[in-house]
Structures are given as C-alpha cells and as structure tokens.
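As structure tokens, the structure follows; a few thoughts come after it.
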Amino acid sequence: MATLLLVDGHSQAYRAYFGVKTPLMTRTGELTTAVYGFTRKLLSLLREYKPEYVAVAFDKGDTWRHADFPEYKATRDQMPDDLRSQITRIEEVLGAFNIPIVTAANYEADDVLGTLARKAAAENVDVFILTGDRDMFQLIDDRVKILYTRGGPSPSTDVYGPAELRERYEDLTPAQFIDMKALVGDTSDNIPGVAGVGEKTAIKFLQSYGDLDGVYQHIDEVRGPKTQQNLRDAEEQVRRNRKLVEIVTDLDVAFDAESFRLRDYIIDAIREIFETLEFRSMLREINLVDVPDNTDDGQLALFADPDAGPAPTIDDHPYRCVQTREQLAEVTALLKQAEIVSFDVETTAKDPMQAALVGFGVAWDKGGGAYIPVGHAEGDQLPWDEVRAALQPIFADASVPKVGHNIKYDTIVSRRHGLEVNGPLHDTMTLAFLLDPASRVLDLKGLAGRELNWQMTEISSLIGSGRKQITIDQVAIEAVTAYCGGDVDATIQLWHLLKPRVEAEEMWDLYEKIELPLVPVLIDMEMAGIKVDADFLAQMSVELGNRLVEIEKQLFQIVGHEFNLRSTQQLSDVLFNEMGFPTSGMKKTQSGFYSTAAAELEKLAGQQLSADQRTLIDLIFEQRQLEKLRGTYVDALPALVNPETGRIHTSFNQTGAATGRLSSSDPNLQNIPIRTDLGREIRKGFVAPPGWALVAADYSQVELRIMAHLSEDPLLVSSF
C-alpha cells in the first residue's frame with residue numbers, strides 16, 4: 001500500500017530549535033540547531049516508514065483565524081531571528097531532496113496537511129503526519145495516523161491511530177476531540193476555555209451527551225450550578241472556539257502524486273548543503289554512491305545500508321547458548337583469538353552497584369556471539385565461579401581490547417561479581433557521541449536501527465512493564481540468548497562501523513587520549529561513591545518541616561482561611577479572586593484558571609503590590625523553594641544510600657552534554673545547590689570517613705571577552 005509522509009514544518013522546526021540546550025554552530029558562526037534536528041528527524045522517518053510520497057507544509061503569515069479572532073495566538077512570542085534564518089536553511093535542505101513545500105495563503109499549515117491527508121486517503125494512500133500539535137488528532141481515521149512528537153527531557157514520537165486516540169481520550173472520536181478542544185480551550189493559541197472545565201470534565205460531558213449541541217441541550221443535567229453557569233456564559237465563546245480549532249480539509253490544494261513522489265534528489269546539492277552546515281555524520285549515513293538518478297526507488301536508496309543484514313529474532317538467531325563445560329571451552333577459545341571482545345551483562349536492576357548477575361554475553365566477531373546463563377530461575381546453567389574462572393584470563397588481560405555499549409555498567413557489575421576487567425575499555429556509545437554530540441539516539445537499539453537497519457528486540461517484550469514487569473532471571477534462557485546475543489553482536493558491528501568514522505573525522509586522538517583513559521577512572525569513582533551524614537540530613541528535614549508549617553500559618557492568616565496550598569486551582573482562586581492580584585498579561589491554564597507557575601508569579605513580583613500581596617508572594621516563593629530542597633535533596637539523599645556500602649553511587653556520563661563535559665545522574669550530584677546559605681547547609685551532609693578530607697576543585701573557563709578580542713571572531717565580538 002502506498003504511503004504519504006506529511007510534515008508540519010514550523011512545528012518540527014520549533015521543537016528542534018528548543019529541544020537542544022546547547023546550540024549547534026558551524027565554524028563560521030552559523031546556528032544550525034533547528035536545521036540539524038529537523039533534518040535528522042526527517043531522515044529517520046524516511047528510513048522507518050519508507051514512504052512513496054512526502055510533502056512539508058509551512059505557515060504563510062496571518063490567516064482567517066487572526067482576522068476573525070484578533071487575540072488568536074496573540075500571547076505567543078515572536079519567532080527568534082536565528083530560528084527564522086534556519087527556516088530558510090530547512091527549505092534549502094528540502095529543495096536538495098526535491099521534497100515539495102506546500103503553503104496556502106490565509107490558511108495555516110494544519111489546514112494544508114488536513115486537506116492533503118483527506119485527498120490522499122480518498123485515493124487509498126496511507127498517511128502519516130509528523131507534528132507536535134495535538135489539534136491534528138481530529139484528522140485520525142483508518143488511513144490517517146499522527147506521529148506526535150513530545151518534547152521534554154525524554155523526547156519521543158508516539159503513533160496515534162483510532163485505537164490510540166480512544167485509549168488516550170477515553171473512547172473519544174476524532175470529531176468529539178474537536179468539541180473537547182472547544183470546551184477546554186488552548187492556552188498556547190490564546191483560546192480561552194470554559195472556566196473550571198478541563199480535559200477530564202469535557203470528556204465526561206461528551207461521553208454523556210455526544211457533542212457540543214448535546215452538552216448545551218442537556219445543560220440542566222450538568223452537575224453543579226456553577227459549572228452550568230460557566231457553560232452558559234461561555235457558549236458563544238465555545239462555538240467560536242470550535243470554528244477556530246477545526247482544521248479545514250477542503251482547500252484548493254491538490255494531492256499531486258507525481259510531484260510528491262520521493263525521487264529525483266539532487267546529489268550535489270545535498271552534499272553542498274550538508275558540508276556547508278557541517279552535517280558530516282548525516283553525509284555518512286546517507287548513501288550517495290551508485291544511486292540511480294530519476295528512478296522511483298532512487299531516493300529511498302539514499303537511506304539504505306547495503307551491508308546491513310536482518311536483525312536477529314528470538315526464534316531465528318545465530319548465537320550460542322553456553323550450558324556445558326565443553327561449550328564454555330569452545331567459546332573461550334574463540335575469545336582468545338579475537339581482535340576485540342564485545343561483552344554485555346544481563347542483570348536484575350539498572351543500578352550496577354545492586355544488580356544481581358543473571359547472564360554474561362560475549363562476541364568475538366560480527367555475527368558471532370554467545371550467552372552464558374548463570375542466574376536464571378530455571379534451565380541448565382553453569383555455576384558462575386566456573387564461568388568466571390574461564391573468562392578471567394581473557395578479561396584480566398590488559399592487552400585484549402574490550403568493547404561495550406555503556407561499558408561502565410557492564411564492568412562495574414562484572415567487578416562486583418569477582419571478574420576483573422582490564423585493558424582498553426572501548427565504548428560504542430562514546431564513539432557515536434563524538435560523531436554526533438547533539439543526537440538523541442545514543443541507545444544501542446536506536447543506533448542499531450539507524451546504522452545497521454536492525455529492528456532489535458526491546459527489553460519490555462521479555463520482562464513486560466508496569467505492575468506486571470518481571471526480572472530477566474524469570475525469562476526463558478533461549479529468549480535471553482537471542483536478546484543478549486543481539487546486543488553483543490550489534491555492539492561489535494557498531495565498533496567496526498564507527499571507529500573508522502571517528503578516525504576519518506580526525507577525532508581518534510581525542511577519543512584515545514581523553515575519553516578512553518577516563519573510563520576506568522569513572523568506574524573507580526562510581527564504585528567508591530560518597531558518604532552522607534543521614535542523621536544531619538534527618539535533623540535538617542525536621543527544621544525545614546517546621547519552617548514550612550510556619551509559612552502555611554502566615555499565609556492562612558493573611559488570606560483569612562485555610563486552603564490547599566499545593567492545589568494550583570485553589571491558589572489561583574485565592575490570589576486573583578480573593579486577594580485581587582492584577583491579571584493583566586497573566587496566562588491561563590487549560591482549565592481556565594490563571595497560572596501560578598513560577599514564571600507567572602515572577603511577573604506579579606515585579607508589579608506594584610499591597611503589603612499583604614507582597615508578603616504572600618514572598619512566602620509562596622519561600623515555601624516552594626523549601627519544599628523542593630527538602631523533597632529533592634534532604635529527604636531523597638538518605639534513601640539513595642547503598643545498604644551494602646553505606647554510600648551514594650552516582651553515574652558519571654561522558655555522553656550527557658553536547659559540550660563534552662561530564663554530567664551526573666542517579667542521583668545528579670552536580671545539582672546540589674551552593675549559591676544560597678541553605679544550599680551550602682545541604683552540602684554539609686556530604687562527609688569524609690574518619691581520617692580523610694573532602695577536597696573540592698574547580699576550574700575557570702577562559703574569559704570570553706579575551707577570547708573575542710584575540711580571535712576577532714565576529715559572533716564572539718558581538719556577543720561579549
């Protein structure tokens with residue numbers, strides 16, 4: 001069945017622009033963050049969905065919605081200038097791939113996408129729409145699916161079809177989704193909803209009464225006289241909202257199959273724009289050699305890996321399962337002849353300092369791997385002591401290079417279970433990071449999919465998720481053999497693929513002299529951990545708790561009654577309705593209340609306030625700060641102490657920041673506050689054992705104004 005991929009251009013450009021903390025920049029000073037993220041996502045989808053047809057829609061100035069409703073999107077910030085220039089670059093990239101850009105005067109990109117989706121579906125074409133706008137859910141049907149991109153710390157793309165829409169919105173139909181948006185409003189578009197009506201309430205109305213007309217026909221049956229009155233007061237607004245949020249699907253925009261067909265790319269233009277933008281990793285990822293011009297499948301060949309084979313499956317894989325001494329001897333003999341040994345451990349937990357070892361995976365060459373079960377609940381397996389004795393000469397030998405994906409984890413688990421691991425400890429995750437520091441795809445499954453064209457087995461398919469999740473020692477040995485064998489095989493294949501790329505980028509010296517020697521140091525640091533004074537933190541928690549009680553009493557005294565300070569709706573009602581705080585310029589939430597987010601309260605703090613209002617704001621800020629410190633650090637840190645070592649063991653990440661600096665996680669010890677007196681008190685909870693002292697060292701970056709002066713770089717000079 002033919003497939004059409006439609007892309008919401010501005011939506012994806014914005015997400016790419018704001019989705020990376022550290023901006024990307026070429027050597028000439030051109031910002032490329034949005035272009036890079038947009039192009040990376042586009043190439044990923046072309047590989048995954050292999051569409052016959054592709055088109056990208058962009059907004060084209062103000063629309064009929066702005067004319068009918070001048071407040072429409074009025075609260076949105078203007079597009080940053082450096083994003084505007086990148087939109088032009090994105091258009092150049094699309095032009096190089098001969099991917100058409102579609103716009104319509106007086107209409108939004110949503111309307112263009114909706115029209116194209118309906119017309120393509122009518123011609124029996126399956127449609128996927130990439131967007132970060134939930135309004136597009138109204139287009140979902142049996143042929144149209146939404147690829148919804150979510151931002152935040154763990155960005156992802158979720159596929160929404162009819163079933164997913166029903167599950168997410170409690171059996172709402174796409175048409176009812178429009179009605180829900182009309183009732184709730186949309187703060188991002190400055191469309192106000194019915195006061196006190198959020199998504200859950202709106203869904204209940206529509207489940208009971210079918211649509212907007214049904215809600216208003218049965219308004220006397222709605223629970224609560226205040227809600228009834230709010231609905232009546234907002235009826236005209238709600239009817240207007242529905243018109244605003246409904247996507248137009250009958251524009252004079254044609255689905256031209258030949259124009260949208262993915263072909264006739266311009267190789268020289270692709271190479272030129274990627275080299276100008278310094279997208280070297282993407283140049284390598286797309287195959288620009290021996291691709292026939294002007295053929296129906298020529299464009300798809302750009303994204304094919306001619307050497308990539310199919311990924312192994314649980315039922316069909318080439319990996320050995322070691323369950324006898326003879327099999328163990330055969331595998332160790334192969335490992336002794338290997339140029340590099342890939343290894344991976346299967347465990348019961350993510351924390352390497354507490355995880356129990358269930359099995360050990362090794363690979364000696366591409367396509368050659370074995371799984372050695374040692375801790376499964378059922379099945380034949382050798383004692384770990386025997387396995388360790390057989391592996392020890394190989395893994396303790398510093399002349400035998402080892403490779404893993406996040407090798408620190410596997411090494412720490414191995415050492416805790418008595419297997420010494422020495423030698424160059426190579427990491428394919430670090431290699432991938434050096435080639436593409438801004439990429440969010442650094443996990444083994446994602447890299448194998450992108451680089452090897454493998455669709456690997458996810459761990460959730462073995463152990464489940466949520467309340468029904470089990471540990472891997474409860475999974476059949478044969479299934480884990482395929483899973484772990486695939487991991488070590490993918491790792492060694494990625495090693496052979498990524499190493500030459502790093503060398504070609506002239507970064508091998510950086511890797512070999514800085515990143516590689518750092519691995520054993522970080523392993524030692526993580527295993528050593530740091531000691532905390534639990535009694536000191538417990539006393540501090542009591543003191544913070546007492547102060548929080550005092551703050552609540554002061555707040556209630558000023559307001560004149562008690563309320564739930566942690567309820568944003570109750571707090572909003574108190575501030576803006578009872579205490580008369582100014583509302584000009586304040587944002588509203590989807591439920592119709594004025595926002596009490598920190599950024600909004602900061603606006604209030606900068607305005608002319610009465611003495612009581614000023615005291616209220618100050619107390620709210622203090623209450624939130626104390627609760628954050630107490631919950632994030634004072635109460636949380638003692639719970640993270642390892643019961644065996646009595647210490648906290650963080651993970652230091654070489655691939656956690658695009659700038660190349662180390663980051664810390666589980667827990668993040670780099671975020672322990674120091675700028676305030678209270679923050680410095682929390683730091684006193686970290687202590688040294690008797691006879692030892694903690695030494696803190698830091699370094700200052702080169703003064704940027706001096707660098708600007710010496711380099712005479714235009715961007716540095718203008719910035720500093």
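The values are calculated or read from the model by the stated rules, or taken from the named source; none is laboratory data. This structure is a prediction, so every number in the text was calculated from the model and none was measured. Glycine also receives a Cβ, built like all others from the backbone with ideal geometry; neighbour counts cover every protein chain displayed.
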### Query
In this structure, does Met136 turn out to be in contact with a strand residue (DSSP E or B) (Cβ under 6 Å, 6 or more places away or on another chain) and closer than 30 Å to Asp233 by Cα?
yes
#### Entry: Residue, nearest to Thr115 (Cα to Cα), within the stretch 24-35, restricted to residues that are out of contact with any Asp or Glu (no Cβ under 8 Å at 6 or more places or on another chain) and surrounded by fewer than 24 Cβ atoms within 10 Å (Cβ to Cβ)
Thr33
### Query
Which one of these is surrounded by fewer than 16 Cβ atoms within 10 Å (Cβ to Cβ), within 18 Å of Asp533 (Cβ to Cβ), without any contact (Cβ under 8 Å) to a residue 12 or more places away in the chain and out of contact with any strand residue (DSSP E or B) (no Cβ under 9 Å at 6 or more places or on another chain): Ala696, Ala636?
Ala696
### Query
Could you list, in sequence order, the residues of the stretch 53-69 that are among the charged types (D, E, K, R) and either outside the structural domain of Met79 (by TED's automatic domain parsing) or more than 25 Å from Phe128 (Cα to Cα) (or both)?
Asp62, Arg65, Asp68
### Odd one out for Ile394 among (1) in a strand (DSSP E or B); (2) out of contact with any Phe, Trp or Tyr (no Cβ under 7 Å at 6 or more places or on another chain)
(1)
### Message
Quick check on Gly660: is it in a loop (DSSP other than H, G, I, E, B), buried (at least 18 other Cβ atoms within 10 Å of the Cβ) and touching a residue at least 40 places away in the same chain (Cβ under 8 Å)?
### Response
no
### Task
Note down all Cβ pairs under 9 Å where the first residue falls in the stretch 538-564 and is in contact (Cβ under 8 Å) with a residue 12 or more places away in the chain and among the hydroxyl-bearing types (Ser, Thr, Tyr), the second is surrounded by 15 or more Cβ atoms within 10 Å (Cβ to Cβ) and in a helix (DSSP H, G or I), and they're at least six residues apart or on different chains.
Ser541/Arg630; Ser541/Val634; Ser541/Pro638
### Task
Read through the list (1) free of Cβ contacts under 8 Å to residues at least 40 places away in the same chain; (2) part of a helix (DSSP H, G or I); (3) in contact with a helix residue (DSSP H, G or I) (Cβ under 8 Å, 6 or more places away or on another chain), then give the number of the only condition that Leu571 fails.
(1)
### Message
Can you confirm whether Ile407 is surrounded by fewer than 22 Cβ atoms within 10 Å (Cβ to Cβ), under 14 Å from Ile492 (Cβ atoms) and not hydroxyl-bearing (Ser, Thr, Tyr)?
### Response
no
### Query
Pick from Leu565, Leu575: which is modelled with pLDDT of 90 or more and either closer than 23 Å to Leu544 by Cα or outside the structural domain of Ala538 (by TED's automatic domain parsing) (or both)?
Leu565
### Message
Given the criterion surrounded by 19 or more Cβ atoms within 10 Å (Cβ to Cβ), of a type in the set (Ser, Thr, Tyr) and within 30 Å of Glu199 (Cα to Cα), identify the matching residue among Ser591, Ser567.
### Response
Ser591
### Message
For the structure I just gave you, tell me whether His496 is surrounded by fewer than 16 Cβ atoms within 10 Å (Cβ to Cβ) and either touching a residue at least 60 places away in the same chain (Cβ under 8 Å) or touching a Leu at 6+ places or on another chain (Cβ under 8 Å) (or both).
### Response
yes
### Task
Scan the stretch 544-551 and give yes if some residue there is within 30 Å of Ala611 (Cα to Cα), in contact with a helix residue (DSSP H, G or I) (Cβ under 9 Å, 6 or more places away or on another chain) and either in the same structural domain as Val345 (by TED's automatic domain parsing) or not aliphatic (A, V, I, L, M) (or both), otherwise no.
yes
### Query
Using beta carbons and a limit of 8 Å, which pairs, at least six apart or on different chains, have the first residue in the stretch 107-133 and charged (D, E, K, R) and the second one surrounded by fewer than 24 Cβ atoms within 10 Å (Cβ to Cβ) and in a strand (DSSP E or B)?
Asp126/Thr3; Asp126/Lys145
## Note on the structure
The condition of being in contact with a helix residue (DSSP H, G or I) (Cβ under 7 Å, 6 or more places away or on another chain), buried (at least 23 other Cβ atoms within 10 Å of the Cβ) and at pLDDT below 95 holds, among Leu447, Leu452, Leu431, Leu435, only for Leu447
### Query
Quick one: would you say Ile617 is closer than 26 Å to Asp77 by Cβ, at pLDDT 90 or above and in a helix (DSSP H, G or I)?
yes
### Summary
Residues of the stretch 500-530 being surrounded by 14 or more Cβ atoms within 10 Å (Cβ to Cβ) and more than 23 Å from Leu662 (Cβ to Cβ), in sequence order, are Arg501
### Query
Hey, among the residues in the stretch 566-605 that are farther than 18 Å from Arg624 by Cα and small (Gly, Ala, Ser), which one's farthest from the chain's Cα centre (by Cα)?
Gly580
### Task
Only residues that are basic (Lys, Arg) and touching a residue at least 12 places away in the same chain (Cβ under 8 Å): list them for the stretch 663-693, please.
Lys684
### Task
Select from the stretch 663-710 the residues that are under 30 Å from Leu434 (Cβ atoms) and assigned to a loop (DSSP other than H, G, I, E, B) and list them in ascending order.
Asp666, Pro667, Asn668, Ile672, Ala696, Ala697, Asp698, Tyr699, Ser700, Gln701, Val702, Glu703
### Task
Determine, yes or no, whether Glu258 is free of Cβ contacts under 8 Å to residues at least 60 places away in the same chain and within 24 Å of Leu113 (Cα to Cα).
yes
## Note on the structure
Only unsatisfied item for Gly631, checking (1) modelled with pLDDT of 90 or more; (2) in contact with a helix residue (DSSP H, G or I) (Cβ under 9 Å, 6 or more places away or on another chain); (3) in a helix (DSSP H, G or I), is (2)
### Task
Take Val358 and decide whether it is in a strand (DSSP E or B), closer than 23 Å to Val488 by Cα, at pLDDT 95 or above and aliphatic (A, V, I, L, M).
yes
#### Entry: Sole exception among (1) out of contact with any His (no Cβ under 9 Å at 6 or more places or on another chain); (2) in contact (Cβ under 8 Å) with a residue 60 or more places away in the chain; (3) over 27 Å from Asn453 (Cα atoms) for Gly95, by number
(3)
